[in-house]
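Q: Next up is a structure, given as structure tokens.
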Amino acid sequence: MSVDWKNEATKHQDDYLADLTTMLRVPSFRDDSQATDDAPLGPGPKQALTTFLAIAERDGFKTKNIDNLVGYAEIGEGDETLAILAHVDEMPAGNGWDTDPFEPTIKDGKMYARGVSDDKGPGMAAYYGLKIVKELGLKLNKKIRFIVGTDEESNWTGMKRYFEVEPAPTLGFSPDAMFPLINGEKGNVSLQLHFGHEDNGDFNLVSFDSGLRENMVPRDAEAVVATDDNEQLAADFTAFLDQQPVTGELTVVPEGVKLEVVGKAAHGMEPRNGINAGTYLATFLTNYAFADDAAAFLDFVANKLHDDSRANQLGLAYKDDVMGDLTMNVGLLSFDHQKGGALTLNFRYPKGIEPADLTAKVQAQLPAGATVTQGDFMVPHYVDPEDPIVKDLMDVYRRQTGDTASQPQIVGGGTYGRMMARGVAFGALFPDTEDTMHQANEFQPIDELMAAMAIYAESIAVLATDK
């Protein structure tokens, strides 16, 4: 059966955009402060999951909701299972948007909204690819499950639950990265650093706060400082802003002086794509006579972490010939004159490194009294480029795009693809398209989402029908 996949995708464009808009209007970032037994990750992730499953039920798929944490839409039968793993959660919107992040807006052929690039736009494009295969009535040789998680941007609680209670898929892909294909992902671990709260200098750090998530470069930072010399601090801050790639402002508040810095958010897998407002602010504050734990906190950020995504100052620089550089994102920074200081460092590490070694080396660099705690980690993941799933998906991509130069890649990002031994990440960001994941004004070109839908539809047919 010869199928014009691009034409099939075009037929579904209006319905796709309508369903995508419905999904994007759901603010679905994880919020533990509102968690309940019925909504264990907060109301947003649950609503996004149930909204998607209702769409799949409408379209005639068999569906299952597992504890409002993860769910799937299914067609086909067989001993083998092809899985498409997407996520319906997203990062918090943050500041700096030109439009309402939860009211999708189309401008110049691009749709703007939180989640449109990561991962609701690509995920729904892959779902519609599966829907096209279903409507064509192609004879499947595998069971196909479209599985959606609800906290990919944090702890993967939902998808971990799926793999605890359901059989592991035979092979699959995650539409949560970029084309042409990701066949390797670095390891991922976060370290939490803890500092005391003493601060008995001429300047007092009343508070310091920066960052929304550990895997996101902080766009915003603010600190409140108590000092008797507001005018000099204001003059110095203005001079600092003139010389650095950040903006900001200083205001007088009852507790002292509030300093705010604005940088640029970016995905934590490559901190060089962002401008970390938190480390810039800490670097500025090291010019003043803070003392004790406050000084130790600021000095460590400025001298060991600032503008050093390859962790050279910590003695952790490492590069693998296949997987590339170790990277470090300073994702969360806080100090409170009662609770003390805290930093969260998110590392993407290639094969050849163990999280315990990272933890030990960071501890050795910490000032007296500071400690480090290692969080959960994911080991590096790699699928041989000669594996049939890589070759088949690359063939489809090349056939539909004409791009024969691009090759499979290894990245620092982590996708659900790594949860399967034969799992890869596949689209939907095309080469040379701006990556706005985890940033304000996140967007995705509509024509590229439609192109991805056609690629996904043919890919599912290739992987789950007799050739």
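Q: Within the stretch 148-168, count every residue that is in contact with a strand residue (DSSP E or B) (Cβ under 9 Å, 6 or more places away or on another chain), surrounded by fewer than 24 Cβ atoms within 10 Å (Cβ to Cβ), in a loop (DSSP other than H, G, I, E, B) and not charged (D, E, K, R).
A: 4
Q: On to the next question. Name every residue in the stretch 169-205 that is of a type in the set (Val, Ile, Thr), surrounded by fewer than 24 Cβ atoms within 10 Å (Cβ to Cβ) and assigned to a strand (DSSP E or B), in order of residue number.
A: VAL189
Q: Now, a different point. Which residue out of GLY137, GLY78 is surrounded by fewer than 17 Cβ atoms within 10 Å (Cβ to Cβ), touching a Lys or Arg at 6+ places or on another chain (Cβ under 6 Å), in the same structural domain as ALA35 (by TED's automatic domain parsing) and not hydroxyl-bearing (Ser, Thr, Tyr)?
A: GLY78
Q: Is the stretch 152-174 home to any residue that is basic (Lys, Arg) and in the same structural domain as PHE426 (by TED's automatic domain parsing)? Walk me through how you get there before you give the answer.
A: In the first step, residues of the stretch 152-174 are kept if they are basic (Lys, Arg); the result is 160-161.
Then keep just the ones that are in the same structural domain as PHE426 (by TED's automatic domain parsing); that gives 160-161.
There is at least one residue in the stretch 152-174 that is basic (Lys, Arg) and in the same structural domain as PHE426 (by TED's automatic domain parsing).
Q: Could you check the stretch 74-111 and list, in sequence order, the residues that are in contact with a Pro (Cβ under 7 Å, 6 or more places away or on another chain), outside any loop (DSSP other than H, G, I, E, B) and not aliphatic (A, V, I, L, M)?
A: Scanning the stretch 74-111 gives THR81, LYS110.
Q: Considering only residues that are more than 15 Å from LEU259 (Cα to Cα) and surrounded by fewer than 24 Cβ atoms within 10 Å (Cβ to Cβ), look in the stretch 270-289 and name the one that is farthest from the chain's Cα centre (by Cα).
A: Checking each candidate, the answer is ALA289.
Q: Now for a different question. Under 8 Å between Cβ atoms, at least 6 apart or on separate chains: pull out the pairs that start in the stretch 201-219 with a residue that is under 12 Å from HIS267 (Cβ atoms) and end on any residue that is outside any strand (DSSP E or B) and among the acidic types (Asp, Glu).
A: That search, which allows pairs on different chains as well, returns ARG213/GLU153; ASN215/GLU153.
Q: Quick one: which residue in VAL133, VAL116 is touching a strand residue (DSSP E or B) at 6+ places or on another chain (Cβ under 9 Å), β-branched (Val, Ile, Thr), more than 19 Å from ARG422 (Cα to Cα) and in a helix (DSSP H, G or I)?
A: Result: VAL133 is the single residue among VAL133, VAL116 that is touching a strand residue (DSSP E or B) at 6+ places or on another chain (Cβ under 9 Å), β-branched (Val, Ile, Thr), more than 19 Å from ARG422 (Cα to Cα) and in a helix (DSSP H, G or I).
Q: Suppose the filter is crowded, with 20+ Cβ neighbours inside 10 Å, in a loop (DSSP other than H, G, I, E, B) and in contact with a Gly (Cβ under 9 Å, 6 or more places away or on another chain); does ARG145 pass it?
A: No; evaluated as a whole, the condition is false for this residue.
Q: Next question. Can you pull out the strands (runs of 3 or more DSSP E) entirely within the stretch 374-456 that have at least 2 residues that are of a type outside the set (Val, Ile, Thr)?
A: It comes to 423-425, 443-445.
Q: Would you mention how many residues in the stretch 292-349 are among the small types (Gly, Ala, Ser), surrounded by 16 or more Cβ atoms within 10 Å (Cβ to Cβ) and assigned to a loop (DSSP other than H, G, I, E, B)?
A: The qualifying residues number 2.
Q: Are there any pairs with C-beta distances below 8 angstrom linking a residue in the stretch 242-261 that is within 19 Å of ASP229 (Cβ to Cβ) to a residue that is basic (Lys, Arg), with the two at least 6 apart or on different chains, and if so which?
A: From the stretch 242-261, the pairs are LEU250/LYS258; THR251/LYS258; VAL252/LYS258.
Q: Would you pick out the residues in the stretch 389-431 that are farther than 19 Å from VAL322 by Cα, exposed (fewer than 13 other Cβ atoms within 10 Å of the Cβ) and without any contact (Cβ under 8 Å) to a residue 60 or more places away in the chain?
A: If the condition is that a residue be farther than 19 Å from VAL322 by Cα, exposed (fewer than 13 other Cβ atoms within 10 Å of the Cβ) and without any contact (Cβ under 8 Å) to a residue 60 or more places away in the chain, then GLY402, THR404 are the ones that fit.
The values are calculated or read from the model by the stated rules, or taken from the named source; none is laboratory data. Fair warning: this is a prediction, and the values are worked out from it, not measured in the lab. Using ideal geometry, Cβ is built from the backbone for each residue, glycine included, and neighbour counts are taken over all protein chains shown.
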